[in-house]
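The values are calculated or read from the model by the stated rules, or taken from the named source; none is laboratory data. As the structure is a computational prediction, the values presented were derived from the model and not from experiment. No Cβ is skipped: glycine too gets one built from the backbone with ideal geometry, and neighbour counts run over all protein chains shown.
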């Protein structure tokens, strides 16, 4: 029998605010243990939380960028459970009145993954276990999080990966988070269940906790899918449980500990007051949402004539997209700019992080100037290429490497002289050509281009060379 | 005319009759001789007090003008955080805990030159009505040390009533300022919720807790209230005092003031207490006030509503005592979970455990709607009932407690019976209203009886003025200084 | 009716141990208290909307400006056990 995968995501994203959600400590990643702490974020007796305004703004922007409805009235609740990484023995979160509800993310195959809600909450500290001892660091405690809860609308590993990548791109674009999975600023809990192909009722789901790599998410889901299918095929039943993914063995195993039979006893936090957001405020925040990656791709393809592939390669990273748009303003053919970026610039940005931070010497204005020279026929493509390399190395503008005379082009006599010189000094190539070896003429043209330092018009040169050989 | 101690001591300082250091030493030695009997203080901070006193003396010497509270010794309930000074809520679980920050109220008062004599006794985590759940044993009543001082702010009441502190700050969640004030024959003010910052007050029930003064006179209460009531950005529920200076509102005239009397407050209250409150009603009538009699049926559910909500919040507030970051930690355990459970089981007393369990129960799956949610809605109707009542009257007059100070150890072992004695005080906390308890007579055995004046939100000025007028007319008959402590 | 099982469950959630011999008394005590709490269910609530906060305050916010954190020594000062700059819970044998 054929089975279908049904998956939903609960994604935690750390917000890039300056300070923690309820106190003025920094949210900087790392730092010596317990050096980003104060009485409030270690939960000393008598302290009170004060909500960071920016956290609310960021969460609303995340909601607007994912087509959510923003609640005018919302509140903070206490989620009670006792664990050493949680200093107050409750996490301040949102239970029945989240800030954002009913959004969606649209995948390239046109399917919409519905978002049930986005709510704000505080992160917990870190536990380090050594030789059975437990070391506790609260630097991360109180860092603001949004939890993005999807409906179980995902049907394949590819959809899952695209969903996570899209979320990542959007959150980075609107600047609410750097979404660095390896640093834990984006973490996913994945709910997986299976059902016979064509069935529309949900099977029993398992939850794979704290996934922090897209690759592992894919592997874990595949493993869990086949594990569940095997179970059912062999007459067994899937048991609802929380799992941990073990990347070394690529297996999932049940998690014990704080989850066992929890009853969170949610109630409104009496230390915090109601959050009310007016439609005006929501509209003002909507104005701050930039053009999103998938919108850019569409525009690059339709208006700028880029290929789907090139368009998404550029739109994927906000900084690169902005660089591309500035560099191609007013140029005849934006494709040229795209080619320079995807060709020469990307060669210098190996990792995703390199592309994300996009730290290069050349400015968009400099590239724009270079491409315009090509448009005006002042320099030829291959000269432009080598020049761009020099620009990228040094950060200097095109004028540093291409002189006025270079750009003046080559007058006809000079060109003809060079062609004759080429014929004289390359008898071998001339012979070959006469023997019908069409390609041989190319080396003669190459000679002319070289001598003219790329200024000669290759087509005209070829034509003239052929005319003298005959 | 009852002159407050704060002004009297202030005059002595200003007229150089006594130096702040001498005054502080006077109180410190009084504590030394009396605290054995009263057990009001759980920690005496002599060094800090003398340092603070010296600083004030220098200011006075340098001719700087002295603020109302500068150089006046005082005390704080042991659940108000004081940087570097042990703050335990009189619980074993906070043994040795020294806060690394100050409660906002203490920042304000120490900033004005207040001199902290020490931290005073209380029921463990403010859960109790006799101060007897304190890890350090209960405080005694200065009028009869075989009787309790009341609770939970029993230590402050005992210290102020016993003249080993001119005034003190307590906290009131279900009557913890007013009830011990009534038992010890002094004045206790529970401000409007949000008038005084809760930052640094170790939480019992966050939506009920308020810090307030315990003093010997209404004027003193007004002075201290003016000093501590303020908006605090650290407390999201803080409102401040709406710009009112209540001291200036004490004026000897209540002609035409409407004083409400609600039958429910007198249900099951002993005759001698009803009688002395009724006498107060006559006094007010004679002073030209208009008495409005009415009913407050919503009060019937006040006690269970209070215990359900307060314990629910407490069960969550007290989850943090896990032996990891501060306080007591059990000696032997096999894993962290066992460490936490043993620490809490050994660190908390019986009453605290009972309330944590009740709170957990009413919030737990399957019971939330029947208890917590229902109680929240009833809280709403009690709030509305008072709002309606204050359309027809300026203040409400009621007994503070349906009993007077009882013998130590006689507190009925049945918790419910003890809870029932909070009947007159909890409605004010449920509705977040200001309430003040002042002495209004004595029972058969000469123990003080208190009456309570309740106002609408942020109407401290009205209840203080009504209390002040009564005090000025009656202080001779209703106030009896105790034989303990500093005599001025 | 509060059962022993109820007490065992809420004690577990509350991270409190209740000795076997105390269990019956505690069950009885809690049953009395809960019966007392039950009296609210006889009280009529006049369809009031959910209680919010006493003064109906809205939007008490902090601006997003960093204030230097505390010295770690201060943060760890009251801890029962520490190591390598961490709060520490040692394994016991």
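For residue C:73, the conditions (1) surrounded by 13 or more Cβ atoms within 10 Å (Cβ to Cβ); (2) more than 27 Å from residue B:358 (Cα to Cα) are fulfilled apart from (1). Restricted to the stretch A:394-467, the set of helices (runs of 4 or more DSSP H) holding at least 2 residues that are at pLDDT 80 or above comprises A:412-425, A:427-434, A:440-451. The sole residue among C:51, C:87 that is assigned to a loop (DSSP other than H, G, I, E, B), in contact with a helix residue (DSSP H, G or I) (Cβ under 8 Å, 6 or more places away or on another chain) and within 12 Å of chain A (Cβ to nearest Cβ) is C:51. Filtering the stretch B:58-80 for residues that are over 24 Å from residue B:137 (Cα atoms), surrounded by 22 or more Cβ atoms within 10 Å (Cβ to Cβ) and within 14 Å of another protein chain (Cβ to nearest Cβ) leaves an empty set. Within the bounds of the stretch B:460-467, is there any residue that is touching a residue at least 24 places away in the same chain (Cβ under 8 Å), over 14 Å from residue B:241 (Cα atoms) and assigned to a strand (DSSP E or B)? Taking every residue of the stretch B:460-467 in turn, none turns out to be touching a residue at least 24 places away in the same chain (Cβ under 8 Å), over 14 Å from residue B:241 (Cα atoms) and assigned to a strand (DSSP E or B).
So that you can scan it fast, the table gives a plain yes or no per residue for (1) within 9 Å of chain C (Cβ to nearest Cβ); (2) assigned to a loop (DSSP other than H, G, I, E, B); (3) buried (at least 23 other Cβ atoms within 10 Å of the Cβ); (4) modelled with pLDDT of 95 or more:
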| position | (1), (2), (3), (4) |
| --- | --- |
| A:32 | yes, yes, no, yes |
| A:36 | yes, yes, yes, yes |
| A:39 | yes, yes, no, yes |
| A:60 | no, no, yes, yes |
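Scoring residue B:445 on the criteria (1) over 13 Å from residue B:129 (Cβ atoms); (2) at pLDDT 95 or above; (3) surrounded by fewer than 22 Cβ atoms within 10 Å (Cβ to Cβ) leaves a single failure, condition (2).
Going by what's in this entry, would residue B:152 be described as under 20 Å from residue B:93 (Cβ atoms) and part of a strand (DSSP E or B)? For residue B:152, the condition - under 20 Å from residue B:93 (Cβ atoms) and part of a strand (DSSP E or B) - is not met. Does residue A:120 count as farther than 25 Å from residue C:90 by Cα and within 13 Å of chain C (Cβ to nearest Cβ)? For residue A:120, the condition - farther than 25 Å from residue C:90 by Cα and within 13 Å of chain C (Cβ to nearest Cβ) - is met. Strands (runs of 3 or more DSSP E) fully within the stretch A:98-149 that include at least 1 residues being more than 29 Å from residue A:35 (Cα to Cα) and in contact with a strand residue (DSSP E or B) (Cβ under 9 Å, 6 or more places away or on another chain): A:100-106, A:112-122.
Taking the stretch A:278-377 and the helices (runs of 4 or more DSSP H) fully enclosed by it, the elements with 1 or more residues that are under 20 Å from residue A:172 (Cα atoms) and out of contact with any helix residue (DSSP H, G or I) (no Cβ under 7 Å at 6 or more places or on another chain) are at A:279-287, A:293-304, A:318-327, A:352-357. Please go through the stretch B:227-266 and give me each residue that is under 22 Å from residue B:72 (Cβ atoms) and free of Cβ contacts under 8 Å to residues at least 40 places away in the same chain, ordered by number. Answer for the stretch B:227-266, where residues must be under 22 Å from residue B:72 (Cβ atoms) and free of Cβ contacts under 8 Å to residues at least 40 places away in the same chain: B:245, B:247, B:248.
Close contacts from the stretch C:15-36, counting a first residue that is facing another protein chain (nearest Cβ under 8 Å) and in a helix (DSSP H, G or I) and a second that is loosely packed, with under 15 Cβ neighbours inside 10 Å and modelled with pLDDT of 90 or more, with Cβ to Cβ under 9 Å and a gap of 6+ residues or different chains, come to C:26/C:4. Could you tell me which numbered condition residue C:53 fails, if it satisfies all but one of (1) at pLDDT 95 or above; (2) within 25 Å of the chain's Cα centre (by Cα)? (1) is the only condition that residue C:53 fails.
Kindly check whether there is at least one residue in the stretch B:96-111 that is in contact (Cβ under 8 Å) with a residue 60 or more places away in the chain, in contact with a helix residue (DSSP H, G or I) (Cβ under 9 Å, 6 or more places away or on another chain), part of a helix (DSSP H, G or I) and within 14 Å of chain A (Cβ to nearest Cβ). Within the stretch B:96-111, one or more residues are in contact (Cβ under 8 Å) with a residue 60 or more places away in the chain, in contact with a helix residue (DSSP H, G or I) (Cβ under 9 Å, 6 or more places away or on another chain), part of a helix (DSSP H, G or I) and within 14 Å of chain A (Cβ to nearest Cβ).
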